[in-house]
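> Structure below; questions to follow.
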Amino acid sequence: MATSSTLPIIGQGFGGSLSDQLGTVPRITSLLIKPASAVCNLDCAYCFYLDREADPYKSLPARRMSMDTLERLVDTYLFYSYPNSTFAFQGGEPTLAGLDFFTKLVELQQRYGRDGQNVSNALQTNAVLLDDNWAQLFRQYNWLLGVSLDGPEEINDAYRFNKAGHGTWKQVMRSVECLQKNKVDFNILCVLNQANVGKAKELYRFYKSLGIDNIQFIPLAEFNPDGSRMPFTITAEEYGKFLVEMFDLWWPDRRKIRIRFFDNIAESVAGMKPGSCTMHETCDSYVVVEYNGDIYPCDFFVEGSWKLGNITLDSWSEIARRTRRYSFAQKKTLAHPECQACDWQSICHGGCPKFRHGPQGQFEDLDYFCQAYKMIYARAVGPLKKEVEKLLGTPSRELTKHGIAPH
């Protein structure tokens, strides 16, 4: 069995129309596992997961995946997903499950993995608990980490607090230095909010000064029950201007620094399936595994009405065939009339159901960030297409090295 690294948020799933899928069950190609559910050791002001009304587990104080559940998860998923198996861990804060939990995970993967099986592990973390012991595990087994860091101290600490209400920047920077010292592969996850969306140049220079060569920008859009924006939510125009400015800053460094959204556009124009599920035709590439083994089709819709099953009761093949999974996948195909006439439909595919559903609770609505997508596609698709064409004859490993092809 081999191990490899992969992105913390996975989207390498089944393509084609839903009618095609009804004949051929779309496989679950990766797992997003929440070993501590939505529990976190921080108290970030913009957190989507914390104390969410629709959270089925919010009244349960102790939410940790048991070793029995972990073993069932590893055993069954390795059997189902052979020869390529992807495990990604998120939260809340997944490191709250403890180092022993992840050490046991690797032991179980070695026990149940078969010859020729490729196992990828990734983890998205606020990095507060990381130290040399964690780093050694990640380094030894070639994990990829996504570390949340929203920029320089005054920007990061505008919204990212610990339970005492203090900023987290200093702790995260110590962990970044620890990961770099131990040569752990990681990227930066930057949430774009009202404190940083107008500071593309400052963010780019900051990350570059740290030697960061892999960045993912995550736009923040949360809404009140009446559909109004929460104070930290960015507008579509702000996001679009940020992406265009960031693209121009990044372009001279495109062979040295990776920005995930730009990678995804390049993958799409090259005829590949983008790494981000947001740009897929349907939402069926991965599933969420909660701490107790419950399964959901998307991390943004961990709600009772979307539960697909439980790994202690159902096989992965049964979960993959669930009508509710098809129903969720179909939400992305509810094309808005504006999408049907859009020049970028073949790349965007209607955007993300979360951002369509968020403001008014309607999957049929336009993605909240539609304007932003149009702005960045108009700026980036042409140059990226030409760049891809230059490299079409290059082996895939070279495309990866040059930062315009999938991991």
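The values are calculated or read from the model by the stated rules, or taken from the named source; none is laboratory data. Note that the structure is predicted; figures quoted are calculated from it, not measured. For neighbour counting, all protein chains shown are included, and Cβ atoms are generated from backbone atoms with ideal geometry for every residue, glycine included. Surface areas here come from the heavy atoms of the whole protein model, side chains and all, with no ligands, DNA or RNA. Shrake-Rupley method; radii C 1.70, N 1.55, O 1.52, S 1.80 Å.
> So, SER327, is that one over 23 Å from the mean Cα position of the chain (by Cα), under 16 Å from PRO26 (Cα atoms) and open to solvent by 10 Å² or more (accessible area, probe 1.4 Å) or not?
no
> Pull up segment 173-213, narrow it to residues that are of a type in the set (S, T, N, Q) and touching a Gly at 6+ places or on another chain (Cβ under 9 Å), then point me to the one that is nearest to ILE234 (Cα to Cα).
ASN196
> Now for a different question. Could you tell me which residue of segment 330-379 is least open to solvent (accessible area, probe 1.4 Å), considering only residues that are under 15 Å from GLY227 (Cα atoms) and among the polar types (S, T, N, Q)?
Of everything passing the filter in segment 330-379, GLN362 is least open to solvent (accessible area, probe 1.4 Å).
> Is there a residue in segment 140-152 that is assigned to a helix (DSSP H, G or I), under 19 Å from GLN109 (Cβ atoms), out of contact with any Lys or Arg (no Cβ under 6 Å at 6 or more places or on another chain) and of a type outside the set (Val, Ile, Thr)?
Checked segment 140-152: at least one residue is assigned to a helix (DSSP H, G or I), under 19 Å from GLN109 (Cβ atoms), out of contact with any Lys or Arg (no Cβ under 6 Å at 6 or more places or on another chain) and of a type outside the set (Val, Ile, Thr).
> Out of (1) buried (at least 18 other Cβ atoms within 10 Å of the Cβ); (2) farther than 30 Å from MET230 by Cβ; (3) not aromatic (Phe, Trp, Tyr), the odd one out for ASN133 is which?
For ASN133, the exception is condition (1).
> While we're on this one: Do you know which of the residues in segment 153-195 that are hydrophobic (A, V, I, L, M, F, W, C) and either farther than 24 Å from ALA135 by Cβ or touching a Lys or Arg at 6+ places or on another chain (Cβ under 7 Å) (or both) is surrounded by the most Cβ atoms within 10 Å (Cβ to Cβ)?
LEU192
> Among ARG64, ARG72, ARG52, ARG27, which is modelled with pLDDT of 95 or more, open to solvent by 30 Å² or more (accessible area, probe 1.4 Å), of a type in the set (D, E, K, R) and part of a loop (DSSP other than H, G, I, E, B)?
ARG64
> Within segment 295-311, count every residue that is open to solvent by less than 10 Å² (accessible area, probe 1.4 Å), out of contact with any Leu (no Cβ under 6 Å at 6 or more places or on another chain) and touching a residue at least 60 places away in the same chain (Cβ under 8 Å).
Summing the residues that are open to solvent by less than 10 Å² (accessible area, probe 1.4 Å), out of contact with any Leu (no Cβ under 6 Å at 6 or more places or on another chain) and touching a residue at least 60 places away in the same chain (Cβ under 8 Å) in segment 295-311 gives 1.
> Looking at segment 151-168, is at least one residue within 28 Å of ASN121 (Cα to Cα), in contact (Cβ under 8 Å) with a residue 40 or more places away in the chain and among the polar types (S, T, N, Q)?
yes
> Can you pull out the residues in segment 253-283 that are assigned to a loop (DSSP other than H, G, I, E, B) and under 14 Å from the mean Cα position of the chain (by Cα)?
Residues satisfying the conditions are PRO274, GLY275, SER276, HIS280, CYS283.
> Against the conditions (1) in contact (Cβ under 8 Å) with a residue 40 or more places away in the chain; (2) surrounded by fewer than 21 Cβ atoms within 10 Å (Cβ to Cβ), where does ASP314 fall short? Just the number, please.
Unmet for ASP314, out of (1) in contact (Cβ under 8 Å) with a residue 40 or more places away in the chain; (2) surrounded by fewer than 21 Cβ atoms within 10 Å (Cβ to Cβ): (1).
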